[in-house]
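Report on one structure; see the data block that follows.
Quick note: the coordinates plus some simple rules give every number you see, no bench work behind them. All of these numbers come straight from a predicted model, not from anything done at the bench. Quick reminder, even Gly has a Cβ in these numbers, built from the backbone with ideal geometry, and neighbours come from all protein chains shown.
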């Protein structure tokens with residue numbers, strides 16, 4: 001799964017990198033510990049224009065009676081994204097890119113503890129995680145909630161020793177097709193959901209302060225040096 005990631009690149013830099021026509025993102029600033037239900041930037045296409053908008057992480061399908069289940073739908077599995085009711089419609093018409101500096105994953109150790117790792121592009125460019133988005137309207141009101149989920153796939157050779165899942169990463173050559181709501185070649189879209197080339201990424205262990213969502217600072221991505229006795233298990 002993907003349960004935490006880093007998003008510190010300024011919107012204007014993301015706008016240039018993803019060639020967006022308009023920036024509508026209104027996040028709470030840089031985050032070194034993005035957690036479920038946090039507000040995150042996402043690249044979408046609306047009316048043939050590429051936009052950088054703001055979404056809440058944790059998908060709420062348009063047909064949901066309430067938004068309480070969002071924290072459980074932060075990830076969509078590539079293997080079932082076309083069949084699971086919560087994601088099926090969004091995969092067809094509402095695909096997005098979720099920019100990230102990198103993401104965290106936890107390795108389960110032989111002593112039962114979990115060691116966090118930070119994974120990022122080797123060239124330090126932003127990751128473009130494959131995502132889905134939805135708009136949910138609260139009953140009898142005009143309040144709209146825009147939400148998103150990260151699509152995950154099986155681990156590549158770099159990630160496999162750490163965890164069996166990883167985010168789907170969309171390469172620049174595929175951005176236009178991925179974001180095109182009118183593109184409906186399911187076979188080609190499915191091909192994009194494969195594990196990324198491990199040579200594109202780097203991974204290193206970090207300290208366990210990242211386990212708590214209350215911690216949010218640049219040192220969360222510092223390489224791990226010594227075992228921390230007051231570690232918090234992320235669950």
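If you average 1/r over all unlike Cα pairs in the chain and invert the result, what Kirkwood radius do you get in angstrom? Numbers along the way, then the final one.
Details: mean 1/r = 0.0553 Å⁻¹.
This gives a value of 18.1 Å.
Quickly work out the residue 171-to-residue 212 label distance, labels modelled 7 Å from Cα along the C-beta direction, and quote it in nm with one decimal.
4.2 nm
Using a Förster radius of 35 Å, what is the FRET efficiency between residue 157 and residue 12 based on their Cβ-Cβ separation? Nearest 0.05, please. The partial results should precede the final answer.
On the way: r = 35 Å, r/R0 = 1.01.
For residue 157 and residue 12, the calculated efficiency is 0.50.
Quick one: if the Förster radius is 35 Å, what FRET efficiency do residue 111 and residue 199 give, using the C-beta to C-beta distance and rounding to 0.05? Please report the intermediate quantities before stating the final value.
Numbers: r = 31 Å, r/R0 = 0.90.
The formula returns an efficiency of 0.65 here.
So for 148, 2, fewest C-beta neighbours within 10 Å to most, what's the order?
Values: 148 29, 2 24.
By the 10 Å Cβ count, ascending: 2, 148.
Could you let me know the centre-to-centre spacing of segment 127-174 and segment 7-38, using Cα atoms, in angstrom?
The two parts, judged by their Cα centres, are 15 Å apart.
Divide by every residue of the chain the summed helix terms, -39500 (n - 2.57) for each DSSP H run of at least 4, and state the resulting mean residue ellipticity at 222 nm, rounded to the nearest 500 deg cm²/dmol. If you can, show how the numbers build up before the last one.
On the way: 4 runs with 27 residues, N = 235.
That calculation yields -3000 deg cm²/dmol at 222 nm.
Just need the relative contact order of segment 61-150 here, percent rounded to a whole number, with Cα pairs under 8 Å and 6+ apart. Intermediate results must be reported in sequence, preceding the final value.
Values: 128 pairs, mean separation 28.2, N = 90.
About 31 percent, as a whole number.
Consider a paramagnetic label point 7 Å from the Cα of residue 182 along Cα→Cβ; state which residues of segment 35-54 have an amide N under 13 Å from it.
In segment 35-54, the label zone of residue 182 (backbone N under 13 Å from the point 7 Å along Cα→Cβ) covers 46-49.
How long is the gain from residue 93 to residue 145 if the chain were fully straight, where each residue apart is worth 0.36 nm and the alpha carbon distance is subtracted? Mind showing how you got there, number by number?
Numbers: separation 52, 0.36 × 52 = 18.72 nm, distance 1.73 nm.
Net length gain for the segment: 17.0 nm.
Once you place label points 7 Å from the Cα toward the Cβ at residue 1 and residue 49, how far apart are they in nm?
3.7 nm
Any idea how far apart residue 84 and residue 224 come out in nm if each label point goes 7 Å out from Cα toward Cβ?
About 2.7 nm, to one decimal.
Test of understanding: extend the Cα→C-beta vector of residue 65 to 7 Å, then name every residue of segment 106-143 with backbone N under 19 Å from that spot.
Only 136-141 pass the distance filter.
Under a GNM of the chain (C-alpha, springs under 10 Å), which listed residue has the highest mean-square fluctuation: 125, 48, 187?
187
Run the numbers on the chain and let me know its relative contact order in percent, using alpha-carbon pairs under 8 Å that are six or more apart. Can you show the working numbers first?
Working: 529 pairs, mean separation 48.2, N = 235.
After rounding, I find 21 percent.
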